[in-house]
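In what follows, a structure is listed as structure tokens, so that the remarks can point back to it.
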Amino acid sequence: MIELLHPNDFDQMYSIMKQSFPDDEYRGYKGQKQLFENPEYKVYIYRNPDTHIITGFLSAWDFEDLLFFEHFAVSSSARNNGIGKMILQEVLSQT
């Protein structure tokens with residue numbers, strides 16, 4: 001199930017981000033969290049239906065005439081199961 005990130009789940013998403021990207025390709029914890037003050041910034045997540053743990057996400061800037069994907073990752077333990085494809089298809093179908 002794809003949904004928008006709830007602020008209470010930020011730490012789970014940020015943990016996947018830290019594991020998936022080099023340090024110089026994402027903001028620090030505070031800076032990343034501050035992005036949610038921008039109404040154009042959205043993070044779509046996939047939550048495992050059995051465990052309710054976030055296993056993938058796509059962060060995007062949703063402008064009037066442009067959808068810019070900033071970060072897109074699936075946790076290493078859940079890769080190669082079609083989660084990334086599912087997230088991308090769902091996000092694209094909503095825009």
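Data for the structure
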item	result
Residues (of a type in the set (A, V, I, L, M, F, W, C) and either modelled with pLDDT of 95 or more or open to solvent by 80 Å² or more (accessible area, probe 1.4 Å) (or both)) located in segment 79-93	Leu92
Candidate set from segment 66-78 (those that are within 16 Å of Thr51 (Cα to Cα) and surrounded by 12 or more Cβ atoms within 10 Å (Cβ to Cβ)); member that is nearest to the chain's Cα centre (by Cα)	Val74
Boolean, Asp9 is on the phi < 0 side of the Ramachandran plot, open to solvent by 50 Å² or more (accessible area, probe 1.4 Å) and among the acidic types (Asp, Glu)	no
Total residues in segment 34-80, condition polar (S, T, N, Q) and closer than 16 Å to Tyr14 by Cβ	5
Matching residues in segment 58-94 - criterion: being without any contact (Cβ under 8 Å) to a residue 60 or more places away in the chain, of a type outside the set (A, V, I, L, M) and closer than 14 Å to Ile2 by Cα	Ser59, Phe72, Gly82, Gly84, Lys85, Gln89, Ser93, Gln94
Those residues of segment 40-57 which are exposed (fewer than 13 other Cβ atoms within 10 Å of the Cβ) and more than 13 Å from Leu5 (Cα to Cα), in sequence order	Pro49, Asp50, Thr51
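To keep it simple, each residue is scored yes or no on (1) under 19 Å from Trp61 (Cβ atoms); (2) of a type outside the set (D, E, K, R).
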residue	(1), (2)
Phe10	yes, yes
Met17	yes, yes
Glu25	yes, no
Tyr29	no, yes
Lys33	yes, no
Phe36	yes, yes
Pro39	yes, yes
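The values are calculated or read from the model by the stated rules, or taken from the named source; none is laboratory data. All values reported here derive from a predicted model rather than from experimental measurement. Don't worry about glycine lacking a Cβ; one is built from the backbone with ideal geometry, like all the others, and counts go over all protein chains shown. These accessible areas exclude ligands, DNA and RNA; they are computed on the full protein's heavy atoms, side chains included. Shrake-Rupley method; radii C 1.70, N 1.55, O 1.52, S 1.80 Å.
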